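**Student:** For reference, the structure I am asking about is given below.
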Amino acid sequence: MNKHTTSQASSTIRAPSLTDIPLSQLVLAFIVFLIAIRGIAYFLSAFFSTAENGASVSFPLILLVFIQNLLILIIIRYFLLKKYNLNWQNLGLVPTTTSWYYRAALLTLPLVVIVGIVNSTVTQLISTDFVNPQLEMLAPQGFKWDAYILTMIATGIIAPFAEEIVFRGVILGWLDKKLGKYLAILISSFLFGSTHGIPALIPALTVAGIAFSVIVYKSQSLWPAIILHSGFNMFMTTALYYALSQGVSLPGAN
């Protein structure tokens, strides 16, 4: 084989891509992902229902969230990446310009306002009382500094990283190559809102998912979306615990 033939053969070798993952495998991985998060949610609920009054639940909470998200990353690593010769860079974990990191941080407050407006509108439109069991999970004993700090770590750092890899790295990336950008954004964002398990929050969380998706497209990296998602969760967690510190009775708590 001469040099010309060799160069032609090497040029035809296609790099691994998310499109190599068949739909059946993607659905299977997503089902396992749902089982993982629902299973941890079940253990959280069981723990909180049996915890004695005054017992600290902060450490068990962050431990279970850590286990949950570790399971998610393991599922992605062995169900998808390793099986199809992909790596984390294929999911968008690549650096981008510094300006996008700053933009992601600055977009946190506008996103909180927009999502809050959507959530408030939906709450007024639905006829039943809005119930958010996550409020009871995040702060079952009211305001405590250790609970606040550890919840910030769980919801502001650990969860956004894993969720962005799933919904923007895997699902958005796969749908983009199969259906195009706009359908990919809508479907992945709706799945993101739906998997949180609170029907009344689906519209607001879908809007948040759209924002995370757009910044991925604009920056060509997953990191700004992780920063924006992290800032969003941290802001909401801080607002929750501040309200508790002021003795406010939170709507949506059981």
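Each reported figure results from applying straightforward, stated rules to the coordinates on display, with no laboratory input. Source: prediction; values computed, not measured. Counting neighbours? That spans all protein chains shown, and the Cβs are built from the backbone with ideal geometry, glycine included.
**Student:** Count the net charge of all other residues whose Cβ sits under 12 Å from the Cβ of A184, scoring Lys and Arg as +1 and Asp and Glu as -1.
**Tutor:** Around A184, the surrounding residues sum to +3.
**Student:** Taking the mean number of other Cβ atoms within 10 Å as a proxy for protection, how do you rank 96-109, 215-228 from highest to lowest? Spell out each step's value before the answer.
**Tutor:** On the way: 96-109: 15.4, 215-228: 22.4.
So the order, starting with the most tightly packed, is 215-228, 96-109.
**Student:** Another one. Which order, highest average first, do 173-186, 17-30 follow once you tally other Cβ atoms within 10 Å for each residue and take the mean per peptide? Before the final figure, lay out each step's value.
**Tutor:** Numbers: 173-186: 16.3, 17-30: 14.8.
Top of the packing list down: 173-186, 17-30.
**Student:** Tell me, what HN-Hα J-couplings in whole Hz come from the Karplus equation 6.51 cos²θ - 1.76 cosθ + 1.60 at θ = phi - 60° for each residue of region 80-88, using x for Gly and Pro?
**Tutor:** Going residue by residue, I get 10, 5, 5, 5, 10, 6, 9, 9, 5 Hz, with x marking Gly and Pro.
**Student:** Also, I was wondering about something else. What distance in nm lies between label points placed 7 Å from Cα along the C-beta direction at K181 and S99?
**Tutor:** According to this spin-label approximation, the distance is 1.8 nm.
**Student:** Continuing with the same structure: Whole-Hz Karplus ³J(HN,Hα) for region 228-236, in order, using 6.51 cos²θ - 1.76 cosθ + 1.60 and θ = phi - 60°, x for Gly and Pro?
**Tutor:** After applying 6.51 cos²θ - 1.76 cosθ + 1.60, I find 5, 4, 5, x, 4, 5, 5, 4, 5 Hz.
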